[in-house]
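Heads up: the structure comes next, in structure tokens.
Laboratory data are not the source of any read-out in this text; all were calculated from the coordinates shown. The model shown is predicted, which means the values in this text are computed figures rather than measured ones. Here Cβ is always computed from backbone atoms with ideal geometry, including for glycine, and neighbour counts include all displayed protein chains.
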Amino acid sequence: MKIAIVHDYLNQAGGAERVVGTLHTMFPGAPIFTTILDRSSLWEVLRDADIRTSWMQKLPLLKRHFKAYLLFYPGAIERFDLREYDLVISSSSAFGKAAITRPGALHICYCHTPMRFVWDYERYMEREQYGSPVRAVLVPVLRRFRTWDVKTASRPNLYVANSTVVADRIKRFYGRDSIIVPPPVAVQRFTPVDKAEDFYLIVSRLNPYKRVDLVVKAFNDLGRKLVIIGDGPDRTVLEKMAKPNITFLGRLPDPEVADYYARCKALLFPGDEDFGIVPLEANAAGRPVIAFKAGGALDTVIDGETGIFFSELTPESLSAAVLRAEKTTWDSGAIRKHAEDYAEPRFRERFMRLVEDVVEKKHGAAGIKALREALGAVPATA
């Protein structure tokens, strides 16, 4: 059985790319097809992968202006020649799910979300800080994208969603059911410590839609110590807004971030994310999360056990959650155990079981045998 992986683009190192890295370790002989590639941004696990790019890789100024080529991505994905592959696994938050496979091949799409810029237009424009002229140009373009997105939604045989909220979107926008498999979390990177120190923590890119401003306003009033790790276009504004009890550290190496996770009183997570790995990283370090009650956090935060929810995007609602967290007794061991259910071996186990079920339904025992031969000696839960 010949297997291929398809991903939208590999020009950044985010959560979706971590999933691709894990898929690569599960299916090491499968080439990865992607529209564009920036090797300097790859996670270490992908450095040895057979990555095959589209014709878009030759476009000028691609690294800085990849968003300007928006109209080209659908055609680039559709032009990949996947006729020799029996199983195609796409990792998609926009285009990958539209890959064209040969008749009879199986296509499993791991969907991080249906494309945000089409289905959540207003919030996407806000988060990218596009002005009125750009919005006016994009409106007719995005109508075409929506039509294309619906038209190509039937191509995968199976959708796998990363969270309940994404599964709901897949059903609403595509009319397709899906199976939820949470993405892998690098739990092994984190080690709980015996006692928390007197500060709260944010680990985030500093973009307006991340709502770090809400936390800054709340902590200006609370007077509690807050450490902010991360960088982004909103940093200057946030630093001007913040009082001396709030410290900005910028980007830090992973081991230092893990150390801050372990020592903080709690992590603040004010954004509305499709899944959100950061809260589970804090849990892996034994620390609770104070999260906005929306998005992927609804799946991963257990109120009163692994974290506290706040329901309104106001400093007052967040402050009340902080005070509630301070009155709660936290069991770091139980919090860590909760995170372990999202560790990479659990993802491998869940996803491989799903793949085997689909292959067996399509090809029976002969299909399972061919799949295992293709994987060689690599176990599903290694």
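Things to note:
- Available extension along the chain between Ser154 and Lys293 is 46.9 nm, counting 0.36 nm per residue and deducting the alpha carbon span.
- Burial ranking of peptide ranges 342-349, 201-208 (average Cβ count within 10 Å, highest at the top): 201-208, 342-349
- Taking 0.36 nm per residue of separation and subtracting the current Cα-Cα distance, fully stretching the chain between Ser40 and Arg143 would add 33.7 nm.
- Dividing the radius of gyration of the alpha carbons in segment 187-340 by their Kirkwood radius gives 0.92 for Rg/Rh.
- A Förster radius of 41 Å, combined with the Cβ-Cβ distance separating Asn245 from Lys171, puts the computed FRET efficiency at roughly 0.40.
- Under the simplified labelling scheme, the Lys362-Val193 pair shows an inter-label distance of 4.9 nm, with each label point 7 Å from Cα along Cα→Cβ.
- Here is the list for segment 69-117: trypsin sites (Lys or Arg not before Pro) lying in DSSP coil, each with at most 15 other C-beta atoms within 10 angstrom of its C-beta, are Arg79, Arg83.
- Estimated translational diffusion coefficient (Stokes-Einstein, Kirkwood radius over Cα pairs, 25 °C, 0.890 mPa s) of the chain: 112 µm² per second.
- Per-residue Cβ neighbour counts within 10 Å put Lys210, Lys240 in the sequence Lys240, Lys210, beginning with the fewest.
- Cβ crowding within 10 Å ranks Lys58, Lys362 as Lys58, Lys362, fewest other Cβ atoms first.
- Whole-number D in µm²/s for segment 266-382 (Stokes-Einstein; Kirkwood sum over Cα pairs; 25 °C, 0.890 mPa s): 151 µm²/s
- Per-residue Cβ neighbour rank within 10 angstrom, fewest leading, Phe199, Phe219, Phe117: Phe199, Phe117, Phe219
- Modelled label positions at Thr329 and Asp48, each set 7 Å beyond Cα in the direction of Cβ, lie 4.9 nm from each other.
- Contour excess over end-to-end distance, with Cα ends at Arg353 and Arg83 and 0.36 nm allotted per residue: 94.7 nm
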